[in-house]
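Engineer: One structure, as structure tokens, below. Some questions next.
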Amino acid sequence: MQKEVKSLLGKTFFIFQRFFVTMAAKVPTVKLNNGAEIPAFGLGTWKSKPGEVRAAVENAIDVGYRMIDCALAYQNENEVGQAIATKIKEGVVKREDLFVTGKLWNTFHRPDLVPIGIKKTLTDLGLDYVDLYLIHWPMGYKEDGELFPKDADGKFMYSDVDYLDTWKEMEAAVRAGQTKAIGFSNFNSDQVERVLQKGTIKPAMLQVECHPYLNQSKLIEWCQGKDIPVTAYSPLGSPDRPWAKPTDPNLLTDPKLEAIAKKYGKSTAQIILRWNAQRGLIIIPKTVSKARLEENISIFDFKLTHEDMELINSFDCNGRGCHLDWVKDHKYWPFNTPF
């Protein structure tokens with residue numbers, strides 16, 4: 001009897017494993033300019049708390065996620081690395097099955113600190129390389145101290161390092177084999193163009209906040225013209241961002257989106273994610289709930305009509321959640337331009 005139970009459990013695990021491998025196979029990929037392919041759907045880890053993020057990443061890999069988006073500033077990369085190591089040890093995935101993104105934080109912009117920043121990420125993740133490494137923001141912060149340096153009055157302290165000088169060291173990280181590709185997060189089109197003109201290695205990615213209240217259509221069109229893929233972070237509007245106000249609009253309870261969701265028999269979150277997927281974007285929603293992980297990735301079995309896509313496009317109101325208004329006097333703050 002005991003042997004029969006073990007056999008049944010083994011077969012059940014095999015069936016579930018095959019199901020989630022199939023789920024991973026359903027996720028389309030986007031080819032980068034280095035020839036590598038990035039899954040068009042992955043897990044974001046911003047705001048995933050220590051003690052929760054390890055289980056979230058393990059569950060995500062089990063469910064079929066093959067792309068994990070990380071950053072030094074999230075201060076949870078060690079747990080992400082532990083989760084990856086566990087799943088590799090269990091034989092669920094191999095390192096080459098996963099696409100891992102890291103980001104250089106603002107206090108590491110000075111050229112001599114760039115290698116230190118990426119080395120810390122690799123050490124915390126327990127990896128020899130990341131697949132993609134981004135400059136997290138164009139603004140540098142005061143170096144050689146805390147990640148979020150402030151003066152006695154609580155104002156952020158800045159570095160005047162030019163991100164072009166930072167980019168040269170990002171290119172060196174590619175040549176050193178620490179990352180396969182490099183790009184940006186939160187840069188505007190003028191800033192990206194400046195690097196295109198002055199850099200040696202073409203940026204492989206631009207990651208920006210993108211959701212129906214901030215659809216980024218002009219920036220996306222511009223990037224597509226430059227053959228630079230776009231990743232949408234906070235694709236559900238990040239209602240749990242630390243500085244959100246109770247009066248801020250919440251995408252997940254928007255009546256118009258709820259009506260569309262009801263029509264398709266899907267959740268509001270699935271409608272929002274599917275909308276971005278049909279725009280050709282890479283999407284990285286964050287959650288630590290296994291049920292949400294399964295729900296979020298289950299968006300490749302239906303398609304929104306052109307009319308529904310246009311309706312959701314019309315929701316744009318420049319509703320930027322990650323505006324960082326408290327550092328808008330920085331000379332490289334990116335939101336002074338139309339896109």
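Engineer: Which residue, of Asp124, Asp62, Asp131, is surrounded by 22 or more Cβ atoms within 10 Å (Cβ to Cβ) and touching a residue at least 12 places away in the same chain (Cβ under 8 Å)? Lay out the reasoning, then the answer.
Structural biologist: On the way: Asp124 fails: surrounded by 22 or more Cβ atoms within 10 Å (Cβ to Cβ); Asp62 fails: surrounded by 22 or more Cβ atoms within 10 Å (Cβ to Cβ).
The conditions single out Asp131.
Engineer: Considering only the stretch 322-339, state which residues are more than 21 Å from the chain's Cα centre (by Cα), in contact (Cβ under 8 Å) with a residue 40 or more places away in the chain and not in a helix (DSSP H, G or I).
Structural biologist: Result: His330, Lys331, Tyr332, Thr337, Pro338.
Engineer: Something else: Any residue at all in the stretch 270-288 that is in a helix (DSSP H, G or I), exposed (fewer than 13 other Cβ atoms within 10 Å of the Cβ) and in contact with a helix residue (DSSP H, G or I) (Cβ under 6 Å, 6 or more places away or on another chain)? Outline the logic, then answer.
Structural biologist: Let us first name the residues in the stretch 270-288 that are in a helix (DSSP H, G or I), namely 270-278.
When the remaining residues are screened for being exposed (fewer than 13 other Cβ atoms within 10 Å of the Cβ), the result is none.
There is no residue in the stretch 270-288 that is in a helix (DSSP H, G or I), exposed (fewer than 13 other Cβ atoms within 10 Å of the Cβ) and in contact with a helix residue (DSSP H, G or I) (Cβ under 6 Å, 6 or more places away or on another chain).
Engineer: Scan the stretch 310-321 and give yes if some residue there is touching a residue at least 12 places away in the same chain (Cβ under 8 Å), β-branched (Val, Ile, Thr), surrounded by 15 or more Cβ atoms within 10 Å (Cβ to Cβ) and within 26 Å of Pro39 (Cβ to Cβ), otherwise no. Before the answer, list the steps.
Structural biologist: Quick first cut of the stretch 310-321, residues touching a residue at least 12 places away in the same chain (Cβ under 8 Å) only: 311-313, 315-321.
Narrowing the set further to residues that are β-branched (Val, Ile, Thr) leaves 312.
Of the ones still in play, those that are also surrounded by 15 or more Cβ atoms within 10 Å (Cβ to Cβ) are 312.
Those still in the list that are within 26 Å of Pro39 (Cβ to Cβ) too: 312.
Yes, that holds for at least one residue.
Engineer: Any chance you could count how many residues in the stretch 171-204 are of a type in the set (D, E, K, R), surrounded by 14 or more Cβ atoms within 10 Å (Cβ to Cβ) and touching a residue at least 40 places away in the same chain (Cβ under 8 Å)?
Structural biologist: Total satisfying the criteria: 2.
Engineer: Look through Ile61, Ile84 and report the one residue that is modelled with pLDDT of 95 or more and closer than 24 Å to Asp240 by Cα.
Structural biologist: From the options Ile61, Ile84, the qualifying one is Ile61.
Engineer: On to the next question. For the stretch 200-218, check the following and say yes or no: at least one residue is modelled with pLDDT of 95 or more, in a loop (DSSP other than H, G, I, E, B) and among the acidic types (Asp, Glu). Can you show your working first?
Structural biologist: Residues of the stretch 200-218 that are modelled with pLDDT of 95 or more, as a first pass: 200-218.
Subsequent filtering for residues that are in a loop (DSSP other than H, G, I, E, B) retains 200-205, 210, 212-213, 215-216.
Pick out the ones that are also among the acidic types (Asp, Glu) and you get none.
No; the residues of the stretch 200-218 include none that is modelled with pLDDT of 95 or more, in a loop (DSSP other than H, G, I, E, B) and among the acidic types (Asp, Glu).
Engineer: Using beta carbons and a limit of 7 Å, which pairs, at least six apart or on different chains, have the first residue in the stretch 97-111 and under 18 Å from Met205 (Cα atoms) and free of Cβ contacts under 8 Å to residues at least 40 places away in the same chain and the second one in a loop (DSSP other than H, G, I, E, B) and basic (Lys, Arg)?
Structural biologist: Final answer for the pair search is Leu98/Arg66.
The values are calculated or read from the model by the stated rules, or taken from the named source; none is laboratory data. Since we're looking at a predicted model, the values are computed, not measured. All Cβ positions, even for glycine, are placed from backbone atoms using ideal geometry, and neighbour counts span all protein chains on display.
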